[in-house]
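Participant: Could you have a look at this structure, given as structure tokens, before my questions?
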Amino acid sequence: MSFTRRKIMQGAVAAAILAASSLPAFAAEVGGIKFPDTVTVAGQELVLNGAGVRSKLVFKVYALGFYLKEKKTTVADVLASSGPRRIRIMPMRDLTSDDFGMAFMKGLNDNVSADERTKLLPQTKAFGEMFAQFPGLKKGDELIVDWTPGVGSQATLNGKKVGEVLPDVAFFNAIMRIWIGDKPVDAALKPKMLVAPQ
């Protein structure tokens, strides 16, 4: 192999390695859906705390991932986590907004007390109204709910903001408790959202 050809080959290999290193690292793949190792929310890097598939009967409904500033192993620690947080939902089948919204609200109400429901009612109502803004979720869509301290919770669907910003961290925690509360929507999913102790 000539010197010039060897240099070209070395350059191509280096370029391929550089390109690969610039791609997001995937920490988990659940149900064929990849969850990046890290994401950036409000300028801060978050790590994947857990991911799994929400199943109902024999059907896979969506893949879910939680992102926090640092990994947590208990429900209490997840809910007390400081800094930004992210919930990422990837539908694995087509869902109407009514069906998804009703299931979402049922999961939320099942995991908060009567007093909490009263306090969170305005935000719960506003969040429920968000589902009326789109006809449904399609397989392959990406629904994200981010919590940013000092700002609040903001949902995005395929990168576009939907609904209003909801200011109370207690409401974001109520959303997280849909999957990790005392009455999670899927008992088999709950432990997957908490990183295994080292």
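The values are calculated or read from the model by the stated rules, or taken from the named source; none is laboratory data. The structure displayed is predicted, hence computed values, not measured ones. All Cβ positions, even for glycine, are placed from backbone atoms using ideal geometry, and neighbour counts span all protein chains on display. Accessible surface areas use protein heavy atoms only, side chains included; no ligands, DNA or RNA. Shrake-Rupley method; radii C 1.70, N 1.55, O 1.52, S 1.80 Å.
Participant: Show me, for the stretch 144-161, the HN-Hα J-couplings you get by feeding each phi into the Karplus relation (A = 6.51, B = -1.76, C = 1.60, θ = phi - 60°), rounded to Hz, glycine and proline as x.
Facilitator: Residue by residue, the stretch 144-161 yields 10, 10, 9, 10, 10, x, x, 10, x, 9, 9, 8, 9, 10, 6, x, 9, 4 Hz.
Participant: Sort 104-113, 170-179, 118-127 by the packing proxy (mean of other Cβ within 10 Å over each peptide's residues), most packed first.
Facilitator: On the way: 104-113: 17.2, 170-179: 21.5, 118-127: 15.4.
With the highest mean Cβ count within 10 Å placed first, the list reads 170-179, 104-113, 118-127.
Participant: State the percent of C-alpha pairs, over all pairs in the stretch 68-139, separated by a distance greater than 17 angstrom.
Facilitator: On the way: 1493 of 2556 pairs.
When every Cα pair of the stretch 68-139 is considered, 58 percent fall beyond 17 Å.
Participant: Just to be sure I understand the curve: with the Debye formula and one point per C-alpha of the stretch 143-198, what is log10 I(q)/I(0) at q = 0.13, 0.16, 0.24, 0.27 Å⁻¹?
Facilitator: -0.41, -0.60, -0.97, -1.02
Participant: Among the aspartates and glutamates, select those whose C-alpha is under 20 Å from the C-alpha of Lys183, and discard any that sit fewer than 8 residues away in the same chain.
Facilitator: In chain and number order, the partners are Asp77, Asp99, Asp110, Asp115, Glu116.
Participant: Continuing with this model, one more query. Taking all protein chains as present, what is the carbon and sulfur share of the accessible area of the stretch 51-133, in % to the nearest whole number, probe 1.4 Å? Please report the intermediate quantities before stating the final value.
Facilitator: Working: 2280 of 4220 Å².
C and S atoms contribute 54 percent here.
Participant: For Cα pairs less than 8 Å apart in space and 6+ apart in sequence, what is the mean separation divided by the residue count of the stretch 85-139, i.e. the relative contact order in percent? Each step should come with its number before you reach the end.
Facilitator: Numbers: 33 pairs, mean separation 38.3, N = 55.
In percent, rounded to a whole number, it is 70.
Participant: For Asp182, Asp99, what's the largest-to-smallest order of accessible area, 1.4 Å probe?
Facilitator: Working: Asp182 150, Asp99 95 Å².
Highest to lowest solvent-accessible surface, that is Asp182, Asp99.
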